[in-house]
Amino acid sequence: MGDKPNTGGAFSNPFAASFPMVQPMAAWEQGMALFKQMADIAAGSSAIAPDAKDGRFKDQAWAENPVYKRWMQAYLAMSDAMEKMIPEDLPVEQKARAELTASILSSSMAPTNTLIGNPAAMKRTMEAKGSNLVKGFQNFLHDVEHNGGMPAQVDHSGFEVGKNMAVTPGKIVLRTEMLELIHYTPSAAKVHTIPVILIPPQIGRYYFTDLAPGRSFAEYTVAQGLNYFAVSWRNPSPEQGHWSLEDYMYAVIEAIEAVLAITGAPKTNLVGFCAGGMTSSIMMAWLKAKERDLINTATICVTMLDFTTDAALGAFRLPAMLSVAKAQSEAKGVLEGQELSKVFAWLRPNDLVWNYWVNNYLMGDTPPAFDILAWNRDSSNLPAKLHSDFLELFENNALVTPNEFEIAGEKIDLSRIDCDSFIVGAITDHLTPWKSCYKASALFSGDKTFALSNGGHIAALINPPGNPKAFHWIGPATAADADLWQGTAQKIGGSWWESWTKWCGDRSGALVNAPKGAGSKQYPHLCDAPGEYVKS
């Protein structure tokens, strides 16, 4: 454990800690089973086949060429044996670490990651007379220099904030050391008297909520008659490494006070996404402890408050690993967004690492131009102190026990949050699994609604109406667990945005004439949205 952690290199292991060893008997049994499978493969009698969704083996050569077919079957057999060596009775988080390690190792050994083991790349090389490999090597050198050694996921050259991303009209009406507050221009003639404020995660730019027109949560929200504000966090440098969770909580309260002063409303509807949802939850409980009643409704999206999970994220709840992570960010002053992006990529190595390795380097193709991926590349930093605060919450799971976590002189009890709440999970979310998000409903009081959206962690949030593939389940969050809830919830075609804006509008007071301008005398507009902080 005293070895210096390896933080560099394109494919360095991001999990510098020990993982549980497999049981000797399990290893022996799987070894014998693998030996028999290899014998069947060599004899050509094996029925092993890839999953229909596994795009690595779609080329016909894997089915028709006996050498490639045996190679594929041997790889699949070995990967399956590796997974089965993990004991079923391991504690949840040890099992998650073992499964994640097995996933990283097996995906790294796939034959398709090599030129000779990838028939599609071999065909491209022959057809292009090797020019694809020349272009692939150029792509590799570019990624080493400009993308931290990871294969680029997106061609971002056609995207620019303020030009074709983050273009919903609005004004910056507050700028503090930590944030800018955007007051979006209403597009409906009338708005509800109670406003809405969005708190995005502290890492990652806010504008995934305002991508291209037609795909913008902000654009849709103002069209539904909601007086909408959003926080844009400043990208901290090492000089701001001391910013803590307490500092961010106070910053959110300052933004809320500005919204209430501008609108004249006594309360606001609060929307928190991901880590912004966790910050918002802590702040709401803190306000209740202070007997300050500022929140009308709470919407919490893809947010875990109970960190006991068997998902890949649970693999990080190892004390030694968390200590290393804290030390690294403290030394730099910030956790660099690019480093966190690497860790998240290795949670889904086939999709987010090796897929682009093959595309960029073996095929010699340019990665796709896609707005979500362009936003994802535009990473921001996390202050070292906030990173440490989050890791301590993650390690101790203190929010699930009333009064165990203390901030700014108050003990936090999430059951004090008694306003109506709307909680959103995402079906294929690998970072904050939806069943873990559902657990938040048990921590709050008041009337609670849960919505389960199609898509992953970010795609579920960028889910505009009009998508024929969009759907969601919705229903009161009264069931004891997520499975029971889903059994009684209503499945609806269309985006959760539609259900949420109606839910929020029904709780947001009367409709009045939309304001003619942004801000107020106390909070005059400073510049046009998206502001300055999003560009730093």
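Using the Cα coordinates of region 24-149, the gyration tensor eigenvalues translate into equivalent-ellipsoid semi-axes of 31, 23, 10 Å, sorted from longest to shortest. Entry note: the chain has Rg to Rh equal to 0.99, where both radii use alpha-carbon atoms and Rh is the Kirkwood radius. Using R0 = 51 Å, the C-beta based FRET efficiency linking residue 65 and residue 481 works out to 0.60. Two decimals, Cα atoms only, Kirkwood Rh: what is Rg/Rh over region 340-388? My calculation of the ratio gives 1.08. Expressed as a fraction of 2.2 N^0.38 Å, the C-alpha radius of gyration for region 445-489 is 1.29.
The ellipsoid equivalent to the alpha-carbon distribution of region 320-428 has semi-axes of 35, 20, 13 angstrom, derived from the gyration tensor eigenvalues as √(5λ) and listed largest first. In the full protein context, the chain carries 43 Å² of accessible surface per residue, based on a 1.4 Å probe and ignoring ligands, DNA and RNA. The reciprocal of the average 1/r between distinct C-alpha atoms defines the Kirkwood hydrodynamic radius, which for region 488-528 equals 13.8 Å.
For region 153-247, pairs of C-alpha atoms spaced more than 23 angstrom apart make up 31 percent of the total. The simple Förster model, with R0 at 25 Å and r as the Cβ-Cβ distance, assigns residue 415 and residue 254 a FRET efficiency of 0.45. Each of 131, 380 has its accessible area taken with a 1.4 Å probe; listed largest first, they run 131, 380. Modelled this way, with points 7 Å down the Cα-to-C-beta line, the labels at residue 126 and residue 513 are 7.5 nm from one another. With contacts taken as Cα pairs under 8 Å and at least 6 residues apart, region 152-239 reaches a relative contact order of 36 percent. Note that region 198-317, at 4 °C in a medium of 1.567 mPa s, gets a Stokes-Einstein diffusion coefficient of 82 µm²/s from its Kirkwood radius over C-alpha pairs. Available extension along the chain between residue 469 and residue 163 is 107.3 nm, counting 0.36 nm per residue and deducting the alpha carbon span. Normalised by residue number, the volume inside the convex hull of the Cα atoms of region 453-536 is 208 Å³ per residue. Projecting the alpha carbon convex hull of region 357-500 along each direction and taking the average yields 12.0 nm².
Between residue 401 and residue 492, what FRET efficiency follows from the Cβ-Cβ distance if R0 is 41 Å, with the result rounded to 0.05? With R0 = 41 Å, the Cβ-Cβ based efficiency is 0.70.
Each Cα pair under 8 Å and six or more residues apart adds its sequence gap; the mean of these over the residue count of the chain is a relative contact order of 20 percent.
When both bridge partners sit in the chain, DSSP labels roughly 55% of those beta bridges antiparallel. Each other residue within a Cβ distance under 13 Å of residue 260 adds +1 if Lys or Arg and -1 if Asp or Glu, for a net charge of -1.
When the pairs 448/521; 84/123; 69/135; 290/521; 53/84 are compared against a 31 Å limit on Cα-Cα distance, 448/521; 84/123 fall above it. How many percent of the alpha carbon pairs in region 387-437 exceed a separation of 16 Å? Roughly 59 percent, once rounded to a whole number. Each distinct pair of alpha carbons in region 111-169 adds a 1/r term; the inverse of their mean, the Kirkwood radius, is 13.9 Å. Site pair residue 521 and residue 134 shows an inter-label distance of 7.0 nm when each label is modelled 7 Å from Cα along Cα→Cβ. Here residue 156 sits with roughly 70 square angstrom of accessible surface, probe radius 1.4 Å.
Here region 47-101 was treated as a single set of alpha-carbon atoms; its pair distances binned every 10 Å from 0 give 22, 39, 25, 13, 1 percent.
The heavy atoms of residue 507 offer some 70 square angstrom of accessible surface to a 1.4 angstrom probe. Ranked by solvent-accessible area (1.4 Å probe, protein heavy atoms only, all chains present), the residues 273, 35 order from largest to smallest as 35, 273. Backbone N atoms of region 139-180 closer than 18 Å to the 7 Å Cα→Cβ label point of residue 459 belong to residues 153-155. Of the whole protein surface, residue 242 contributes about 120 Å² of accessible area at a 1.4 Å probe radius. The base-10 log of I(q)/I(0) for region 105-144, evaluated at q = 0.23, 0.36 Å⁻¹, reads -0.81, -1.02 [Debye formula, identical scatterers on Cα atoms, solvent excluded]. For the chain, the mean residue ellipticity at 222 nm estimated from helices alone is -11500 deg cm²/dmol, where every DSSP H run of n ≥ 4 contributes -39500 (n - 2.57) and the total is divided by all residues, rounded to the nearest 500. The base-10 log of I(q)/I(0) for region 225-291, evaluated at q = 0.25, 0.29 Å⁻¹, reads -1.29, -1.49 [Debye formula, identical scatterers on Cα atoms, solvent excluded].
The values are calculated or read from the model by the stated rules, or taken from the named source; none is laboratory data. Remember, predicted model here, so these are calculated numbers, not experimental data. Every residue, glycine as well, gets a Cβ built from its backbone with ideal geometry; the counts of neighbours run over all protein chains shown. Just the protein is used for accessible areas: all its heavy atoms, side chains included, with ligands, DNA and RNA removed. Shrake-Rupley method; radii C 1.70, N 1.55, O 1.52, S 1.80 Å.
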